[in-house]
Structures are given as C-alpha cells and as structure tokens.
1. How big, in percent, is the set of alpha carbon pairs in the chain lying more than 25 Å apart?
2. Compactness ratio of segment 76-154: Cα Rg over 2.2 N^0.38 Å, N = residue count?
3. I'm a student and want to see the number: the projected area of the Cα convex hull of segment 91-135, averaged over all directions, in nm².
4. Cut-off is 10 Å between beta-carbons; in what order do GLU160, GLU26 appear when sorted fewest neighbours first?
5. Using θ = phi - 60° and the Karplus form 6.51 cos²θ - 1.76 cosθ + 1.60, what ³J(HN,Hα) does each residue of segment 105-121 get, whole Hz, x for Gly and Pro?
6. Once the principal axes of the Cα atoms of segment 31-116 are found, what is the range along each, listed largest first in whole angstroms?
7. Given the DSSP H assignment, sum -39500 (n - 2.57) over each helix run of at least 4 residues in the chain and divide by its residue total; what's the result at 222 nm in deg cm²/dmol, nearest 500?
8. Subtract the Cα-Cα distance of THR122 and ARG41 from 0.36 nm times their separation in residues, and report this length gain in nm to one decimal.
Amino acid sequence: MTDRDAMLKWKGKVCPRVHETLQEREKLASSYITRASGSSRYSVSTAQHGFVVDTNKMVCSCGLWQLGGVPCVHVVCVYKSLRKDPRLFVHKYFTPDNFLAGYSHYLKPLRGNVFWPKTSYTPILPPDMRVLPGRPKKCRRVDPSEKAVNAAKERAKKDEADKAAGIFKASK
C-alpha cells in the first residue's frame, strides 16, 4: 500500500503525522495554565516559562506555530480552553487534499540504461582532480574528541613501558 492509498482511506482533517503530533501536544497541554489577556491574546504559562498566543494573528511567542504551521502546545492549550479543535488551525499544507494533490501525478517507470538510445555525444565525465596548493598531509587530522582518548592510551602505554623498564613513580 502506498502513502497515497493510505491517505485516500484517511478520514481526518489533517494528515496522520500531524494528527499524532497534535495528540501528543494535547497530552502536554494539561500542565499549562491559560489566562485571557484581551479578546484574542492569551498568556500560557508553567512554573518556569510564559508564552503569549494571539489567535487572530495566529502567532505564538515560542515561534513554533509560525515556523511549522502546526499549533504548538501553547496554542493547543488555548484552543482546548476555548473548546475548539486545534486541528482547524493547522496550515492548509497539512490537509489530506494537499497531500493527494502532491501525489496526483505518477512517474512513468524507465527501462534500464541498456535500452537507452546511443548518442554521438561524448559521455559526461567527472571533473579532473586538482592538486591543491601546499604540502600534502601525511596523517589524518585527529578530531579534538579523539585527543583525550589518545592521550589516555599514550599514558597507559608509557606507564607499562616504565614498569617493564623497572621505573616506578613516587606515590602521592
């Protein structure tokens, strides 16, 4: 079954993944407190953070709603307090109709390159390798995260060599 076939069977107002995201955000919304601050502005807060939601402008101060088109947990909290379905305020891009419009055209399958027509043009080749200026590196560059590991290994090797040679360190 293709994504298109699955979407044809889908009965929701928004695509399935957005639907799941909103369900998760609805669960999280119970930990927020919503206060009206005018006709379309709301303050949504927890013990540590506060956010402002403007339902007329479709803006949340966290920026997630504007950025992704899916109501953030703060917006979900506001619409739940207003007894409205947050799925109605998802960007139209996430509707099943738009999804199906994107998959309305099928790509025709191609036969293998053995069956492609031969041309008189020269084949396209990769660009020539350029010799970069400067002396070539002999060893690979060690990542800073590897330096600490390598330093510990080097110390362990040195300690073993010292023990084998009979050199003992003074204890602290």
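Coordinate-derived values only; no laboratory data. Note that the structure is a prediction, hence the values are computed from the model and not measured. All Cβ positions, glycine included, derive from the backbone under ideal geometry; neighbour counts span all protein chains shown.
1. Working: 9676 of 14706 pairs.
Everything past 25 Å amounts to 66 percent.
2. Details: Rg = 29.0 Å, N = 79, 2.2 N^0.38 = 11.6 Å.
So the Cα radius of gyration is 2.50 times the expected 2.2 N^0.38 Å.
3. Values: hull surface 36.3 nm².
The directionally averaged projection comes out at 9.1 nm².
4. Numbers: GLU160 10, GLU26 16.
The fewest-first ordering by Cβ neighbours comes to GLU160, GLU26.
5. Coupling constants for segment 105-121: 9, 9, 8, 6, x, 9, 6, x, 5, 5, 8, 5, x, 7, 10, 8, 6 Hz.
6. In descending order, the Cα extents are 68, 25, 21 Å.
7. Numbers: 6 runs with 63 residues, N = 172.
After summing the helix terms and dividing by residue count, I get -11000 deg cm²/dmol.
8. Values: separation 81, 0.36 × 81 = 29.16 nm, distance 6.54 nm.
My answer for the length gained is 22.6 nm.
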